[in-house]
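Since the structure comes first, as structure tokens, the remarks are kept for the end.
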Amino acid sequence: MVRSIQRVSLYFLLSFIFITTILSAEVVFTEEGFIFIGTIIQTEQGYSSYQFMDREVRLMASRIIRTEADIDVLTDLPVRVELMDGSILRGTIVDYAPDIGIFLDIDFGVLTIPKASIRSIIEPMQGRRYSGNPFQAKAGASWYFPIGESSGSFGSAIRIEGLGAYSISGIRGLSIGLDFTYSFTNFNAVPSVDYAFITLEPFVSFRYLAWRTKPSIIRILTPFAELGAGALYVRATDPFSVPSMFGELCAGAFIKTGFDFELFKIFSLRAQLRFDSYLQNDKPFLALSAGILGGI
């Protein structure tokens with residue numbers, strides 16, 4: 001009789017522990033896009049430790065965007081599951097069992113993913129917001145104003161711009177790229193002479209991405225700064241000279257700053273200020289410009 005009571009008590013105790021484990025499981029979302037499903041172990045000095053699958057994960061409180069107590073929040077959220085063998089599965093998580101793993105709906109069926117085989121679970125959209133687009137391509141126009149001695153001979157004019165950049169892996173916000181400009185001119189000194197400035201300049205760019213993970217409207221803004229230098233071709237056209245078209249290859253450099261406004265998932269507008277120095281002859285051509293570009 002005593003043994004029967006002990007067995008029943010043990011059964012209820014184990015059942016209580018199992019149910020408590022399920023109910024206390026949390027879904028943790030981080031600013032980098034990681035999703036952790038597990039139970040909290042302890043919280044201390046700005047850190048929280050969770051039992052994620054079969055290992056312990058320690059997270060800074062500042063990295064955690066939110067926590068949810070219901071696994072159902074994941075049923076409509078596309079995720080990327082990275083496995084220990086390097087393979088990647090995509091779908092939605094429809095259920096979770098602490099002693100088994102996750103159940104992943106991949107459109108044509110539900111897969112049972114053992115917890116020991118899961119390296120990480122990532123929300124792609126949040127991950128993109130945190131890291132920014134890995135590739136940027138933009139084009140547009142600006143209006144530039146010659147300054148210094150250049151303003152005495154040249155008037156303001158339009159400039160066509162384009163750029164492509166690729167993010168450097170492992171350094172958040174840092175990119176390298178190539179910048180192209182074609183600048184029309186208003187040459188006041190000799191009305192018959194027409195100049196054009198054409199540049200092709202490699203650059204390094206830094207984008208401040210911290211605002212992108214904020215819950216407020218500020219998340220659409222990404223401040224940036226760029227520094228570049230490269231080749232400048234100065235083309236001149238004069239119908240009264242022979243030959244009528246001639247030019248020279250020089251060097252150019254620029255600094256620009258501004259904001260990217262993310263309007264849609266893969267499209268943004270850029271508002272920028274730019275300073276250029278064209279190192280031609282013995283006097284540099286200096287100009288300030290303001291422009292709008294659009295792209296990804």
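Pick from the range 104-121 the residues that are in contact with a Phe, Trp or Tyr (Cβ under 8 Å, 6 or more places away or on another chain) and open to solvent by 50 Å² or more (accessible area, probe 1.4 Å): which of them is nearest to Tyr50 (Cα to Cα)?
First, the residues of the range 104-121 that are in contact with a Phe, Trp or Tyr (Cβ under 8 Å, 6 or more places away or on another chain): 110-113, 120-121.
Keeping just the survivors that are open to solvent by 50 Å² or more (accessible area, probe 1.4 Å) gives 110-112.
Working: Val110: 26, Leu111: 24, Thr112: 22 Å.
Restricting to residues being in contact with a Phe, Trp or Tyr (Cβ under 8 Å, 6 or more places away or on another chain) and open to solvent by 50 Å² or more (accessible area, probe 1.4 Å), the top hit is Thr112.
Restricting attention to the range 192-222, and to residues there that are aromatic (Phe, Trp, Tyr) and closer than 16 Å to Gly291 by Cβ, which single residue is surrounded by the fewest Cβ atoms within 10 Å (Cβ to Cβ)?
Here is the first cut: in the range 192-222, the residues aromatic (Phe, Trp, Tyr) are 195, 197, 203, 206, 208, 211.
This time we only want the ones that are closer than 16 Å to Gly291 by Cβ, so: 197, 203.
On the way: Phe197: 25, Phe203: 20.
Top of the filtered list is Phe203.
Just to verify a result, which residue in the range 223-275, among those that are part of a strand (DSSP E or B) and of a type in the set (Asp, Glu), is most open to solvent (accessible area, probe 1.4 Å)?
This residue is Glu248.
In the range 277-295, what residues are in a loop (DSSP other than H, G, I, E, B) and surrounded by 14 or more Cβ atoms within 10 Å (Cβ to Cβ)? Show your work before the answer.
Of all residues in the range 277-295, those in a loop (DSSP other than H, G, I, E, B) come to 280-284.
Listed by number, the residues that qualify are Gln280, Pro284.
Identify the residue in the range 126-140 that is touching a strand residue (DSSP E or B) at 6+ places or on another chain (Cβ under 6 Å) and open to solvent by 40 Å² or more (accessible area, probe 1.4 Å) and, among all such residues, is nearest to Ala196 (Cα to Cα).
Ala139
Kindly indicate the residue of the range 152-191 that is farther than 30 Å from Asp238 by Cβ and among the hydroxyl-bearing types (Ser, Thr, Tyr) and also surrounded by the fewest Cβ atoms within 10 Å (Cβ to Cβ) among those meeting that condition.
Keep residues of the range 152-191 that are farther than 30 Å from Asp238 by Cβ, which gives 163-178.
Filter again for among the hydroxyl-bearing types (Ser, Thr, Tyr), leaving 166-167, 169, 175.
Details: Tyr166: 14, Ser167: 20, Ser169: 9, Ser175: 22.
Top of the filtered list is Ser169.
Quick check on my filter: what residues within the range 66-97 are in contact (Cβ under 8 Å) with a residue 24 or more places away in the chain and surrounded by 17 or more Cβ atoms within 10 Å (Cβ to Cβ)?
Within the range 66-97, Ile71, Leu74, Val79, Val81, Ile93, Tyr96 qualify.
Mind checking which pairs have a first residue in the range 269-286 that is within 20 Å of Glu226 (Cα to Cα) and a second that is assigned to a strand (DSSP E or B) and of a type in the set (D, E, K, R), Cβ under 6 Å, 6 or more apart or different chains?
That search, which allows pairs on different chains as well, returns Arg270/Lys138; Arg270/Asp260; Gln272/Lys256; Arg274/Lys256.
Pairs, please: C-beta under 9 Å, at least 6 apart or cross-chain, first residue farther than 18 Å from Thr92 by Cβ and in the range 113-130, second basic (Lys, Arg) and at pLDDT 90 or above?
Sorted first by the residue in the range 113-130, then by its partner, the pairs are Tyr130/Arg172.
Those residues that are more than 29 Å from the chain's Cα centre (by Cα) and either open to solvent by less than 40 Å² (accessible area, probe 1.4 Å) or under 21 Å from Trp211 (Cβ atoms) (or both), I need them from the range 32-52; list them, please. Walk me through how you get there before you give the answer.
Of all residues in the range 32-52, those more than 29 Å from the chain's Cα centre (by Cα) come to 39-45, 51.
Answer for the range 32-52, where residues must be more than 29 Å from the chain's Cα centre (by Cα) and either open to solvent by less than 40 Å² (accessible area, probe 1.4 Å) or under 21 Å from Trp211 (Cβ atoms) (or both): just Thr39.
Assuming Phe29 fulfils every condition listed in (1) in contact (Cβ under 8 Å) with a residue 24 or more places away in the chain; (2) surrounded by fewer than 16 Cβ atoms within 10 Å (Cβ to Cβ) apart from one, which condition is it?
Every listed condition holds for Phe29 apart from (2).
The values are calculated or read from the model by the stated rules, or taken from the named source; none is laboratory data. Predicted, not measured: the structure shown is a model, and the values here were computed from it. We place every Cβ from the backbone using ideal geometry, glycine too, and count neighbours over all the protein chains shown. Keep in mind that these areas ignore ligands, DNA and RNA; they rest on the heavy atoms of the full protein, side chains included. Shrake-Rupley method; radii C 1.70, N 1.55, O 1.52, S 1.80 Å.
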